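Following: one structure in structure tokens, then a few remarks.
Only the coordinates and a few stated rules stand behind these numbers; no lab work does. This is a predicted model, so every value here is computed, not measured. Neighbour counts are summed over all protein chains in view; Cβ atoms, including those assigned to glycine, are modelled from backbone coordinates with ideal geometry.
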Amino acid sequence: MTPVRPAAMVDLDEVALLLDIDGTLLDFAPTPSEAWVPPALRRTLAGLLARTGGALALVSGRPLAGLDLLFAPLELPAIGGHGAELRPAAGASADPDRTPGLDPRLKRTLATIAEIGPGILLEDKGYSLAVHYRLAPDKGETVREMVAAVCASFPELPLEILPGMAVVEVKPSAFDKATAVAELMRIAPFAGRRPVFVGDDVTDERVFPILPPMRGIGFSVSRRIDGVDGCFDAPADVRAWLDGLLARQPVG
Ligand SMILES: [Mg+2]
């Protein structure tokens, strides 16, 4: 992989920092609930938020509520739920009606997948439904096939299936991280700034192509994704880069 030398490309007076969480800012944990935020990262993010005039946002598949608990007491602007939730400023509340919920008939049908045996857990996020099989890993393939079959039985609903670590999540295809990033970049203090997006997920791949028209910059983590300007080897390198950005910039 090409090492990233992004320092000269990023001026905190003109950029908006948009950062995926798991696998980008944080090392992967066995389960999302076991992820750990180093205290130094909280301080760095708080410093960069101030230094960019509030133009720093987390961009995650995690729901906003869970993301806030993870980074507490720090609260940051954020896109949550793969783009379903958008909070342009710390302390602001996300618009609950911004995205339509997942069809209740579809949710009920997906819930019947749990009948195949113990260990299948359902997580209703409102705008999406996640089917977890971490406690029944031998049923993973069956769960994935059944989720696909159920979704195919609702041809009138435009849906997207997101496979994850021992989980399959179903959401409307109307929103994703790219649509939410485009929306966020039209809102102050993000509007008019150059987006700098860092991500590693399959769901992040759609964000990179929308960056060039905004004079944006994209970096992937742990793998080179098409269209990126550079690639970090690991989340620790992203954290070190952010530390460096803050250290180099004049304060006040
Ligand atoms: Mg990620």
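How much length, in nm to one decimal, is gained on full extension between Ala89 and Ala191, taken as 0.36 nm per residue of separation minus their Cα-Cα distance? Walk me through the intermediate numbers first.
Working: separation 102, 0.36 × 102 = 36.72 nm, distance 1.27 nm.
Going from the current span to full extension adds 35.5 nm.
Sorted from fewest to most neighbouring beta carbons within 10 Å, what does the list Ser93, Ser128 look like? Show your work: numbers first, answer last.
Details: Ser93 8, Ser128 24.
Least to most surrounded, the residues fall as Ser93, Ser128.
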- Karplus ³J(HN,Hα) for the range 125-136 (6.51 cos²θ - 1.76 cosθ + 1.60, θ = phi - 60°; Hz, whole; x = Gly/Pro) runs 9, x, 7, 8, 10, 10, 10, 8, 10, 4, 7, 9
- Note on the structure: Quick shape check on the range 132-202: root eigenvalues a ≥ b ≥ c of the Cα gyration tensor, a/c under 1.5 is rounded, otherwise prolate if a/b tops b/c, else oblate, and it reads oblate
- In what order do Val228, Val198 fall by count of nearby beta-carbon atoms within 10 Å, going from fewest to most? Val228, Val198
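About its Cα centre, what dipole magnitude does the chain give when the only charges are +1 on Lys and Arg Cβ and -1 on Asp and Glu Cβ, stated in debye to the nearest 20?
Around 480 debye, computed over the chain.
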- Query: Cα centroids of the range 226-241 and the range 85-129: how far apart, whole angstrom?
  - Reply: 31 Å
- Item | Sequence of Val37, Val15, Val10 once ranked by neighbouring C-beta atoms within 10 Å, starting from the fewest | Val37, Val10, Val15
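Between Ala149 and Asp124, what length in nm is gained on full extension when 0.36 nm per residue of separation is reduced by their alpha carbon distance? Provide the component values of the computation, followed by the final result.
Details: separation 25, 0.36 × 25 = 9.00 nm, distance 1.91 nm.
Full-extension gain reported as 7.1 nm.
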- Packing-based order for 77-89, 167-179, 139-151, using average beta carbon neighbours within 10 Å, highest first: 77-89, 167-179, 139-151
- Sorted by average packing, counted as other Cβ atoms within 10 angstrom per residue and highest first, what order do 40-46, 204-210 take? 204-210, 40-46
